[in-house]
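> Supplied in structure tokens, the structure appears directly below.
The values are calculated or read from the model by the stated rules, or taken from the named source; none is laboratory data. Predicted, not measured: the structure shown is a model, and the values here were computed from it. In this analysis, Cβ positions are derived from the backbone assuming ideal geometry, glycine residues included, and neighbour counts consider all displayed protein chains. What goes into the accessible areas is simple: the full protein's heavy atoms, side chains included, and nothing from ligands, DNA or RNA. Shrake-Rupley method; radii C 1.70, N 1.55, O 1.52, S 1.80 Å.
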Amino acid sequence: QLQLVESGGGLVQPGGSLRLSCAASGFTLDYYAIGWFRQAPGKEREGVSCISSSGGTTNNADSVKGRFTISRDNAKNTVYLQMNSLKPEDTGVYYCAAIRGRCLSGVYDYWGQGTQVTVSS
């Protein structure tokens, strides 16, 4: 009943854009920081971006700074990841996760199933 569901992934050419969505059901995201993570085949999962519960603070991996923007709409119980200027190295499965605390405070409580992003010519 407590679910996070990612959507918006797909195949895009280098330089293109995608917007990922992370929608919660069964609970409200109002008091959760939300992180986006990604995992490429054969690689460890890495943090991409995170937003505080209020939306007032964000954290971004150096590899995506200036290209990715995380945002949230608590009224819609949804968090977004706008990805611009995509590169092949951005390819991977993208997951959203919720933590009832700060972005870097510990283990995330809820995880989505992931959505595939493929950047290729």
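> When only C-alpha pairs under 8 Å and at least 6 residues apart count, what is the relative contact order of the chain, in percent?
Here the relative contact order equals 36 percent.
> Report, as a whole number in µm² per second, the diffusion coefficient that Stokes-Einstein gives for the stretch 1-48 at 4 °C and 1.567 mPa s using the Kirkwood radius over alpha carbon pairs.
So the translational diffusion coefficient is about 100 µm²/s.
> Nearest 5 percent is fine: what portion of the DSSP beta bridges confined to the chain is antiparallel?
The antiparallel proportion sits near 90 percent.
> A further question follows. Let me spell out the model: positive unit charges on the Cβ of Lys and Arg, negative unit charges on the Cβ of Asp and Glu, origin at the Cα centre of the chain. What dipole size does that give, in debye rounded to 20?
The dipole of the chain has a size of about 120 debye.
> Going by amide H atoms built from the backbone, whose H comes under 5 Å of the H on residue 109, apart from near neighbours?
Correct list: 98, 99, 100.
> Taking 2.2 N^0.38 Å as the expected size of a compact globular protein, what ratio does the Cα radius of gyration of the stretch 51-121 give against it, to two decimals?
1.17
> For the chain, which whole percent of the accessible surface, found with a 1.4 angstrom probe, sits on carbon and sulfur atoms?
C and S fraction of accessible area: 46 percent.
> At most 15 other Cβ atoms within 10 Å and a DSSP loop assignment: could you name the trypsin sites (Lys or Arg not before Pro) in the stretch 13-121 that fit?
Listed in order of number, the matching sites are 43, 45, 65, 67, 100, 102.
> With Cβ to Cβ distances under 14 Å as the rule, what net charge do the other residues near residue 39 carry (K, R +1; D, E -1)?
-2
> Can you give the Rg/Rh ratio of the chain, where Rg is from the C-alpha atoms and Rh is the Kirkwood radius?
0.94
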